[in-house]
Amino acid sequence: MTAPLILGIETSCDETGVGLVRGTTLLANAVASSVDEHVRFGGVVPEVASRAHLEAVVPTLHRALDEAQVGLDDVDAVAVTAGPGLAGALMVGVSAAKALAVALDKPLYGVNHLVGHVAAEQLENGPLTEPVVALLVSGGHTEILQVDDVATAAELLGQTIDDAAGEAFDKVARLIGLKYPGGPHIQRAAADGDPSAIRFPRGLTGQRDMARHRYDFSFSGLKTAVARWVETAERAGDPVPVGDVAAGFQEAVADVLTAKAVLACQERGISTMVLAGGVAANARLRELTQQRCEAAGIELRQPRFSLCTDNGAMIAALGAAVVERGLPPSRFEFGSDSSLPVTEVLI
Amino acid sequence: MIEIDVPAADDMTQLGHRLADELAAGDVVLLGGDLGAGKTTLAQGVGDGLGVRGPITSPTFVLARVHPSLVEGPPMVHVDAYRLGGWDELEDIDLEATLDEAVTLIEWGEGVAEGLAGDRLEVHIDRGRGGDDNETRHVRLTGVGPRWDELRLRQLVLTS
């Protein structure tokens with residue numbers, strides 16, 4: 001018997017994603033992005049994102065159906081990101097999903113965006129062997145999760161206490177005259193720089209901070225340190241070595257992210273790590289995570305880039321896991337929740 | 001206008017606590033200063049002092065975040081105008097809806113958010129220039145309107 005066909009809709013930030021999944025098999029992953037419209041702002045603007053989702057959701061749905069070569073009638077259940085994310089953006093996806101579920105007379109599942117990132121990995125390398133530690137890094141998220149069961153049990157181990165890692169990339173890019181989005185531009189500049197030329201601080205790694213914020217991150221002090229360094233060079237009339245600054249900054253971020261995620265695996269006795277989120281596209285972060293996981297005997301699992309960034313297939317994958325477990329659909333009246341805690345995998 | 005030196009991050013949090021004692025529903029605070037000046041640190045101190053639900057993290061990504069009170073006081077609306085092009089876009093996020101019942105803190109609000117309230121406290125934080133390890137921040141407090149007279153500002157500083 002083939003597994004049920006799950007349609008997943010994701011609109012928590014600036015990507016409008018629609019995916020189709022059977023079990024852990026990916027059939028379609030269509031994404032429309034409003035990033036171009038956000039370049040002017042140097043980040044995501046909620047009102048712009050909501051309008052863009054509204055325009056993109058139906059065309060993206062048709063692209064996904066074409067890609068999977070199925071019709072709407074073939075869909076067995078609909079899953080949608082209920083949160084966390086931008087309130088106005090989430091609302092568009094939830095409304096679209098409700099309309100589809102009613103029109104098709106199929107069950108509807110409102111699921112957690114963060115856990116969706118972890119479920120996406122199952123589309124790449126097959127079913128997860130839980131428990132896993134997940135390191136999620138993007139423009140709006142920097143979290144370490146422990147997932148004991150992708151369909152039912154996730155917990156937040158740590159998160160940023162100020163800026164998200166992706167936000168730090170964007171702001172540091174601006175400090176050194178690079179463009180938005182900061183991630184790819186810093187990576188490119190860092191390729192010509194020496195990562196050990198400038199030692200930038202690793203936030204929340206001191207003894208006192210490790211007691212209180214063991215798995216938490218802070219990138220605000222790092223940002224300030226880069227600003228100071230650049231100002232000093234400028235005041236002395238020296239040209240700013242953009243490559244070295246970019247490489248030193250990138251190294252500091254990758255170092256602290258991977259060190260704490262590996263520590264979480266070790267202290268919790270967990271031997272699998274999942275790396276996901278848009279910043280997981282950063283080559284140095286991937287490389288250092290791989291090295292440290294190997295050294296610690298941890299299996300690192302990471303989906304391809306198109307499954308790392310926000311997409312609908314990850315929501316369909318989580319929906320498929322929930323359906324497989326026979327869990328009840330969400331009550332139809334549910335609304336989006338911009339600060340949905342990670343412990344609520346299904347609402 | 002009052003100027004004070006704030007030696008370290010903990011002192012910035014303390015200043016936030018003292019500020020929170022003076023704040024009530026309907027108050028608007030504009031926080032200015034360069035990247036890394038300590039605006040979010042001050043906001044964390046204010047939020048802590050008001051007793052609102054945390055964590056108070058940078059609102060750059062989401063533009064505005066509402067922190068409900070845990071002590072039956074006013075909620076704190078924490079705004080970041082860093083990515084906004086001007087007053088029109090600030091109006092888009094509809095701060096007026098919560099203005100009367102909340103304490104509204106706006107980072108990067110200078111030159112953008114003045115139209116929001118006739119009475120407001122403007123806080124500007126300067127980071128010492130250069131690469132020395134001196135963490136001292138120079139904080140300038142400017143009251144606008146009758147709610148924030150000089151005497152009140154002085155008390156804020158004197159109780160430090």
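A short reminder: the numbers here are calculations on the coordinates, not readings from a lab. Here the structure is a predicted model, which means the values were calculated and not measured. Because the Cβ atoms are built from the backbone with ideal geometry, glycine has one as well, and the counts that use them run over all protein chains shown.
Based solely on its DSSP helices, what 222 nm [θ] is calculated for chain A when runs of n ≥ 4 H residues each add -39,500 (n - 2.57) and the sum is averaged over all residues, nearest 500 deg cm²/dmol? Could you put the intermediate results ahead of the total?
Details: 13 runs with 157 residues, N = 347.
One gets -14000 deg cm²/dmol as the mean residue ellipticity at 222 nm.
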task = Mind putting a number on the dipole of the range A:132-302 about its Cα centre? Charges go on the C-beta only, +1 for Lys and Arg and -1 for Asp and Glu, and I need it in Debye to the nearest 20.
result = 200 debye
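Show me A:233-239, A:210-216 ranked by packing, highest mean number of other Cβ atoms within 10 Å first. List each step's numbers first, then the result.
On the way: A:233-239: 10.1, A:210-216: 15.3.
My ranking of the peptides, most packed first, is A:210-216, A:233-239.
Is the shape of the range A:108-194 rounded, prolate or oblate, going by the alpha carbon gyration tensor and its root eigenvalues a ≥ b ≥ c, with a/c under 1.5 for rounded and a/b larger than b/c for prolate?
Details: a/c = 2.59, a/b = 2.15, b/c = 1.21.
The shape class here is prolate.
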key: Averaged over B:62-70, number of beta-carbon atoms from partner chains that fall within 10 Å   = 3
query = Amide H neighbours of residue A:28 under 5 Å, counting only residues 5+ apart in sequence or on other chains, H built in-plane at 1.01 Å?
reply = A:20
ask   = Among B:90, A:210, B:24, whose Cα lies farthest out toward the positive end of the dipole of the protein assembly as shown, if unit charges sit on the beta carbon of Lys, Arg (+1) and Asp, Glu (-1)?
value = A:210
key: Inter-centroid distance (Cα atoms) of the range B:18-41 relative to the range A:319-341, Å   = 38 Å
inquiry  = Let me confirm one metric for peptide A:220-231, namely the mean number of other chain beta-carbon atoms within 10 Å of its residues' beta-carbons.
reply    = 4
request  = Any chance you could list P(r) for the range A:132-302, counting all Cα-Cα pairs in 10 angstrom bins from zero, rounded to whole %?
outcome  = 11, 40, 33, 13, 3, 0
task = Just check the range A:45-147 against the gyration tensor rule for me: Cα atoms, a ≥ b ≥ c as the square roots of the eigenvalues, rounded for a/c under 1.5, and otherwise prolate or oblate depending on whether a/b exceeds b/c.
result = oblate
request  = Name the most mobile residue of A:69, A:266, A:146, meaning the one with the largest mean-square fluctuation, in a Gaussian network model of chain A with Cα contacts below 10 Å.
outcome  = A:69
query = Peptide A:82-88: average number of partner chain Cβ atoms within 10 Å per residue?
reply = 1
ask   = Hey, what do the phi angles of the range A:70-85 turn into as Karplus ³J(HN,Hα) couplings, whole Hz, using 6.51/-1.76/1.60 and θ = phi - 60°, x for Gly and Pro?
value = 10, x, 4, 5, 6, 5, 9, 7, 10, 10, 9, 5, 8, x, x, x
task = Collect residues whose amide H, placed 1.01 Å from N in the peptide plane, falls under 5 Å from the amide H of residue A:194; neighbours closer than 5 in sequence don't count.
result = A:244
message = Taking the 0 to 90 degree range and rounding to the nearest ten, how far is the long axis of helix A:312-324 tilted relative to the main principal axis of chain A, both from C-alpha atoms?
response = 50 degrees
query = About its Cα centre, how strong a charge dipole does the range B:2-158 have in debye, to the nearest 20, once Lys and Arg get +1 and Asp and Glu get -1 at the Cβ?
reply = 300 debye
query = Using a simple spin-label model with points 7 Å from Cα along the Cα→Cβ vector, what separation in nm is obtained for residue B:88 and residue B:8?
reply = 4.8 nm
message = Checking the cross-link filter: which lysines have an alpha carbon closer than 21 Å to that of residue A:179, excluding same-chain neighbours under 8 positions apart?
response = A:171, A:223
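Sort the range B:2-158 into rounded, prolate or oblate with this rule: let a ≥ b ≥ c be the square roots of the eigenvalues of the Cα gyration tensor; rounded if a/c is under 1.5, and if a/c is not under 1.5, prolate when a/b is larger than b/c, oblate otherwise.
Rounded, because the longest to shortest axis ratio a/c is under 1.5.
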request  = Relative to the longest principal axis of the C-alpha atoms of chain A, give the angle of the C-alpha long axis of helix A:87-104, reported between 0 and 90° and rounded to the nearest 10°.
outcome  = 20 degrees
ask   = Using θ = phi - 60° and the Karplus form 6.51 cos²θ - 1.76 cosθ + 1.60, what ³J(HN,Hα) does each residue of the range A:188-205 get, whole Hz, x for Gly and Pro?
value = 5, 5, 5, 4, 9, x, 9, x, 9, 5, 10, 9, 8, x, 9, x, 6, 10
ask   = For the protein assembly as shown, max minus min Cα coordinate along each principal axis, in Å, sorted largest first?
value = 77, 50, 39
remark   = Taking Cα atoms, the helix A:283-296 axis meets the longest principal axis of chain A at an angle in degrees (rounded to 10) of 90 degrees
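Using DSSP to define loop residues, name the GluC sites (Glu not before Pro) in the range A:258-337 whose beta-carbon has at most 16 other beta-carbon atoms within 10 Å. Don't jump to the answer; show the numbers that get you there.
Numbers: sites: A:267, A:287, A:294, A:299, A:324, A:333; in loops: A:333.
Passing both the DSSP loop test and the Cβ count: A:333.
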request  = About the Cα centre of the protein assembly as shown, how large is the charge dipole given +1 on each Lys and Arg Cβ and -1 on each Asp and Glu Cβ? Please answer in debye to the nearest 20.
outcome  = 940 debye
key: In sequence order, calculated HN-Hα J values of the range A:112-128 (Karplus, 6.51, -1.76, 1.60; Hz; x Gly/Pro)   = 8, 4, 5, 5, x, 4, 6, 4, 4, 4, 5, 6, 8, 10, x, x, 6
query = Quick one: if the Förster radius is 35 Å, what FRET efficiency do residue B:25 and residue A:212 give, using the C-beta to C-beta distance and rounding to 0.05?
reply = 0.65
Gained length - residue A:232 relative to residue A:55, 0.36 nm times residue gap less alpha-carbon distance = 59.0 nm
note = Candidate cut points under GluC sites (Glu not before Pro) in the range B:43-99, DSSP loop plus at most 13 other Cβ atoms within 10 Å of their own Cβ, are B:72
